Amino acid sequence: MFALRSDTVFTPTKTYKDTYIIVDKGKIVKLAKIVPKNVKVYSYENCIIAPGLVDIHTHGGFGVDLMTSTLNDTRKFIEKLPETGVTSFVPSTVTDRFGNLKKFVEKFSSIRVEKGSEVVGLHFEGPYLNPEMAGAQPKEHIRPPSIEEVKRLSEPFNKVAKRLTLAPEVDDGTNFIRILNDLGIIVSIGHTNASYAQAVQAFSAGARIVTHIFNGMRVFHHREPGVVGAALTFPTVYVETILDLIHLHPVAVELVYKCKGSKKMVLVTDAIAGAGLPDGAFKLGSMEIIVQDGVSRLPNGALAGSTLTMVKALKNAVKIGIPLAKALEMATLTPCKAMMIKGKGSIIEGNDADMIILDKDLNIVATCLKGEIFSFN
């Protein structure tokens with residue numbers, strides 16, 4: 001048993017001053033003003049303690065592409081991720097042939113890492129998308145929805161949440177959403193040209209997340225609001241936001257925040273292998289990616305994922321005027337709720353002791369992974 005203490009604790013829904021977080025056997029026992037006798041205290045002056053960040057949409061980083069990486073390289077990525085404040089994450093595929101998607105699932109079902117971020121879900125970004133909105137998804141592998149394929153991909157990895165991004169307007173996608181819900185698979189809308197009416201129909205059928213809002217979908221129009229208009233006004237829907245200030249203008253972020261608030265707006269990275277590294281050439285699945293001035297693009301100039309980290313997304317949110325407590329909620333508790341992940345995302349009794357310590361400039365000082373502390377400066 002030990003205790004963490006700092007000037008400020010964000011749970012993130014409540015804020016405490018000069019508070020001890022009691023940890024035992026990898027779990028949060030309680031928050032207290034007085035620490036029990038004989039309990040070791042790790043005190044962080046002029047710092048903030050918050051829940052560990054949760055990234056529910058990432059393709060890699062630090063030179064590692066999660067679709068094509070070896071087990072050893074994937075372990076290195078998982079071990080490196082806590083330096084960016086991420087204690088839990090959801091690896092994402094790109095659209096590919098069945099065999100490669102199966103290898104991705106097998107890799108994450110077999111990997112074991114003692115000291116690193118925890119895999120809390122799998123995200124299949126495709127392959128049942130609209131080719132008109134493919135973006136950085138290979139058109140040659142986009143195909144009609146297949147329940148049999150989904151079952152074969154999802155059944156070997158039952159330990160974690162599973163999510164599928166699809167285009168609901170393709171091949172009776174609304175009925176497909178209902179079937180996926182019955183299988184316990186979370187449905188996202190993305191890479192879609194769905195109209196407002198089609199999007200509302202999809203949400204009513206059970207789709208609960210919009211993948212990187214504004215990107216990979218028809219442009220909002222005042223007479224045809226599309227997925228954007230539906231997502232911003234449908235109360236139950238969570239929306240992913242890539243807050244690198246490249247994918248979205250600050251005013252677009254402000255619009256999302258005002259419509260959805262911190263309880264339905266999710267910060268994600270959509271990071272590619274180049275995240276955390278200097279400019280250069282990288283891979284995203286089978287595709288060549290060029291990173292220049294920190295911006296990730298296909299050779300044709302189209303945006304292709306990002307080089308964002310979650311802590312940078314947090315800083316950007318605060319930079320454009322979102323209160324820190326709300327920004328933290330969008331990077332911790334809200335993604336867990338979107339993915340229906342239990343026991344993480346907040347500093348409350350009984351949850352895993354996954355936490356970050358931030359300095360006043362929101363740099364990562366240390367990360368606590370299920371009760372084990374790793375310091376970075």
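Readers should treat all values here as calculations from the given coordinates under stated rules, not as data from a laboratory. No experiment lies behind these values; they were computed from the predicted model shown. Cβ placement follows ideal geometry from the backbone for every residue including glycine, while neighbour counts extend to all protein chains displayed.
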Degrees, to the nearest 10: 173-182 long Cα axis against longest axis of the chain = 40 degrees
Packing-based exposure ordering (other Cβ within 10 Å, fewest first) of 356, 179 | 179, 356
Could you check the simple spin-label distance between residue 112 and residue 27, using points 7 Å along Cα→Cβ, in nm with one decimal?
-> 2.3 nm
Euclidean distance of C-alpha centroids, region 303-326 and region 218-284, integer Å = 11 Å
Choice from 65, 18, 293 showing the highest fluctuation, given a GNM over the chain with Cα pairs closer than 10 Å = 293
Rg(Cα)/(2.2 N^0.38 Å) for region 53-338, N = residue count | 0.91
Expected vector for region 234-240, Karplus 3J(HN,Hα) from phi with 6.51, -1.76, 1.60 and θ = phi - 60°, integer Hz, x for Gly and Pro, equals 7, x, 8, 8, 8, 10, 6
Which three extents, in whole angstrom, do the alpha-carbon atoms of region 260-299 cover along their principal axes, largest first?
-> 36, 21, 15
Of all the Cα-Cα pairs you can form in region 158-266, what percent are over 25 Å apart?
-> 16 percent
Rg (Å, one decimal) plus Dmax (Å, integer) for the alpha carbons of region 321-360?
-> 10.9, 32
Principal axes first, then extents: for the Cα atoms of region 25-155, list largest minus smallest coordinate on each axis, whole Å, largest first.
-> 62, 29, 29
Under 16 Å Cα-Cα from residue 159, which aspartates and glutamates qualify once same-chain neighbours fewer than 8 residues away are excluded?
-> 106, 118
On Cα atoms only, tilt of 250-260 relative to the major axis of the chain in degrees = 80 degrees
Helix 196-205 sits at what angle to the longest principal axis of the chain, using alpha carbons and giving 0 to 90 degrees rounded to 10?
-> 60 degrees
How many percent of DSSP beta bridges within the chain run antiparallel, rounded to 5?
-> 55 percent
Centroid-to-centroid separation of region 112-153 and region 337-352 [C-alpha atoms, Å] | 25 Å
How large is the helix-only mean residue ellipticity at 222 nm for the chain, computed as the sum of -39500 (n - 2.57) over DSSP H runs with n ≥ 4, divided by its residue count, in deg cm²/dmol to the nearest 500?
-> -7000 deg cm²/dmol
